[in-house]
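The values are calculated or read from the model by the stated rules, or taken from the named source; none is laboratory data. Bear in mind that the values here come from a model prediction, so they are computed numbers and not experimental data. Ideal geometry is used to build each Cβ from the backbone, glycine not excepted, and the neighbour counts take in all protein chains shown. Surface accessibility is based on the protein's heavy atoms, side chains included, excluding ligands, DNA and RNA. Shrake-Rupley method; radii C 1.70, N 1.55, O 1.52, S 1.80 Å.
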Amino acid sequence: QVQLVESGGGLVQAGGSLRLSCAASRNIVIFNAMGWYRQAPGKQREMVAIFNEDDSTNYAESVKGRFAIYRDSAKNTMYLQMNNLKSEDTAVYLCHAIVCGYPYWGQGTQVTGSS
């Protein structure tokens, strides 16, 4: 069993920055994949940024150049640095991991970008 706990969400003005954190209950080095997703009201959940199994990264086109995903294995924590936030970035951001082939999700943290 793996627990993922997100933090760092909040209300920020357009153009502002936030850093989200995802703390894992197990050593993230063993994770097959790990990443951030988001879900806005009335919309489908979408990928924001992910680490693939080979440690390569993928970003949604809408966040390229503004968001950066990184992790600290010593702290078992993954981060999402979000810069130049826009109102359309408003959503619940969820941490996701695949461990031994099983998917795990955090509870999510709300990010609201005000115009």
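Table for the structure above
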{"item": "For the chain, radius of gyration divided by Kirkwood radius, i.e. Rg to Rh on alpha-carbons", "result": "0.95"}
{"item": "Computed FRET value (nearest 0.05) for Gln1 with Thr112, which takes r as the C-beta separation and R₀ as 35 Å", "result": "0.65"}
{"item": "Bridge type composition, the chain - antiparallel percent by DSSP, nearest 5", "result": "90 percent"}
{"item": "Mean-position separation - Cα centroids, segment 1-31 and segment 75-110, in angstrom", "result": "6 Å"}
{"item": "Accessible surface, 1.4 Å probe, highest first, among residues Thr57, Thr90", "result": "Thr57, Thr90"}
{"item": "Solvent-accessible area, 1.4 Å probe, carbon plus sulfur percent, for the chain", "result": "47 percent"}
{"item": "Longest segment of the chain lacking GluC sites (Glu not before Pro) that sit in a DSSP loop with at most 16 other Cβ atoms within 10 Å", "result": "62-115"}
{"item": "The chain - charge dipole about Cα centre, Lys and Arg +1 at Cβ, Asp and Glu -1, debye rounded to 20", "result": "220 debye"}
{"item": "For segment 59-69, Karplus couplings with θ = phi - 60° (6.51, -1.76, 1.60), whole Hz, Gly/Pro x", "result": "10, 5, 4, 5, 10, 4, x, 10, 10, 9, 9"}
{"item": "Probe 1.4 Å, accessible area per residue of the chain, Å²", "result": "53 Å²"}
